[in-house]
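The values are calculated or read from the model by the stated rules, or taken from the named source; none is laboratory data. All values reported here derive from a predicted model rather than from experimental measurement. Cβ coordinates were reconstructed from backbone atoms using ideal geometry, including for glycine residues, and neighbour counts include every protein chain displayed. To get the accessible areas, we keep the full protein, side chains included, count just its heavy atoms, and leave off ligands, DNA and RNA. Shrake-Rupley method; radii C 1.70, N 1.55, O 1.52, S 1.80 Å.
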Amino acid sequence: MPSSVDPTTANGISRRTFFRFAAGASALASLPLLTEPDLARAEFPKFADPNIGIHIDANENPMGPSEAARQAVASIIPRGGRYLFNMEDELTAIFAKQEGLDPASVLAFAGSSEPLHFTVLAFTSKDRPLVIADPGYEAPTWAAQVSGAPVLKVPLADPKGAATHDIKAMLAAASNPGVLYICNPNNPTGTCTPRADIEHAVANAPKDTILLIDEAYIHLCDTPSALDFVKEGRNVIVLRTFSKLYGMAGLRMGFAVGRPDLLAKIASFGGNNFLPITAMAAAKASLLDPALVPTRKKLIADTRQQTLAWLGGQGYTTTPSVSNCFMLDVKRPGKEVQTALASKEMFVGRIWPAWPNSLRITVGLPSEMMAFRKAFTEVMNTSTAGLTPPPLPHRQAKRPFTRLS
Ligand code: PLP
């Protein structure tokens with residue numbers, strides 16, 4: 001599609017139609033990327049059965065969709081025989097209006113994993129590396145395996161303190177990165193990178209580097225969003241998801257926000273050509289509920305603070321999280337503690353090789369965190385050395401895009 005065409009008005013077609021059409025036009029050229037042997041051979045981690053035990057392992061929101069979202073899903077079900085073409089445009093228009101964005105710079109996906117992967121596929125290559133923080137959310141590195149891009153992992157600055165992205169070191173890591181990935185707040189540490197550092201990244205990144213700013217957890221903290229850089233027309237793509245604060249990980253809805261020419265590039269790698277009306281209805285109801293974000297933000301913050309304070313009182317160090325997850329230094333190989341907790345059906349998050357003595361803990365319901373305290377106390381009062389993982393009922397993740405959280 002020539003860049004001079006205005007995606008919102010080209011031939012009178014809607015912006016949704018434009019992006020999906022653009023996707024179809026180039027999908028044939030890009031499809032083999034998604035079936036690369038690299039992907040097929042990739043090792044998928046196994047997750048414990050979500051129906052057994054307590055899961056504070058995947059940064060989910062156990063509260064689930066809001067009451068209004070549930071009602072919206074129930075109400076739309078009788079219309080499930082229709083495509084209801086207007087719903088995606090309506091949803092993106094609501095989000096765009098709330099955030100002061102041009103609707104042409106918002107593209108809906110079934111979650112944020114797809115646009116995350118597609119951005120890496122679109123803008124990295126063997127000559128255009130991916131730069132990420134470590135420990136950081138690893139999903140972009142899987143896409144880099146497909147694009148053949150070198151992955152440059154940059155340790156977090158002040159790892160025993162603020163644990164923020166080391167933006168200057170990330171900028172220095174490569175002369176021509178295709179994508180510089182900033183997760184704010186960061187998964188797994190739950191820490192935020194200051195606005196001034198993000199501004200520095202935007203001002204100093206090479207001119208054709210894409211800053212991929214993942215705001216999956218932004219609703220949980222007070223840090224300003226990076227959406228204003230999109231409004232300024234910068235080389236910035238911001239990702240939003242309904243999987244975290246909004247409790248819709250299973251329903252699937254998210255946005256990529258960026259200049260229309262950038263969105264057209266990532267859309268060319270795929271995505272649903274029509275999104276489920278249940279997810280769109282729930283997302284719309286969530287956006288239209290002004291109490292939802294502040295209420296849940298406070299509930300999660302209270303539980304997080306109580307858990308962090310308790311752990312601190314027991315002599316453990318945690319990252320200064322402002323999100324729904326944190327890293328806990330268990331002062332011994334994290335794998336041992338994770339395994340011992342799993343034998344008590346208490347499932348905690350994974351371990352990053354850079355911090356082998358730390359476990360990622362998701363902030364669950366208050367009752368779940370009280371159960372965690374009990375199980376953790378029992379485990380830490382026992383020797384965990386030499387434990388082998390219990391034979392858990394597993395499900396095998398089938399797709400590369402769903403295996404991390
Ligand atoms: N980005 C980050 C930082 C995440 O932690 C996750 C999931 O945990 C995602 C993106 C993907 O979430 P989803 O595809 O459910 O929107």
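Points to keep in mind about this one:
- Highlighted here are the strands (runs of 3 or more DSSP E) found entirely within the range 260-368 that include at least 1 residues which are in contact with a strand residue (DSSP E or B) (Cβ under 9 Å, 6 or more places away or on another chain), open to solvent by less than 40 Å² (accessible area, probe 1.4 Å) and under 16 Å from K244 (Cα atoms): 325-329, 358-362.
So that you can scan it fast, the table gives a plain yes or no per residue for (1) in a strand (DSSP E or B); (2) within 16 Å of the ligand (Cβ to nearest atom); (3) closer than 18 Å to A216 by Cα:
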site	(1), (2), (3)
D89	no, no, no
I94	no, no, no
A108	yes, yes, yes
G111	no, yes, yes
V120	no, yes, yes
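- A count restricted to the range 164-209 and to residues that are in contact with a Lys or Arg (Cβ under 6 Å, 6 or more places away or on another chain) and among the hydrophobic types (A, V, I, L, M, F, W, C) stands at 1.
- Selection count, the range 218-246, where residues are within 17 Å of A69 (Cα to Cα) and within 11 Å of the ligand (Cβ to nearest atom): 5
- Any hit, the range 291-303, residues being of a type in the set (G, A, S), more than 16 Å from the ligand (Cβ to nearest atom) and touching a Ser or Thr at 6+ places or on another chain (Cβ under 7 Å): no
- For the range 298-344, the tally of residues that are farther than 14 Å from P356 by Cα and charged (D, E, K, R) stands at 4.
- Matching residues in the range 209-245 - criterion: being outside any loop (DSSP other than H, G, I, E, B) and among the aromatic types (F, W, Y): F229
- Only residues that are open to solvent by 30 Å² or more (accessible area, probe 1.4 Å) and either under 23 Å from P50 (Cβ atoms) or within 11 Å of the ligand (Cβ to nearest atom) (or both) were counted across the range 247-259, and they come to 4.
- Within the range 74-98, the residues that satisfy the criterion of being β-branched (V, I, T) and more than 23 Å from the chain's Cα centre (by Cα) are I76, I77.
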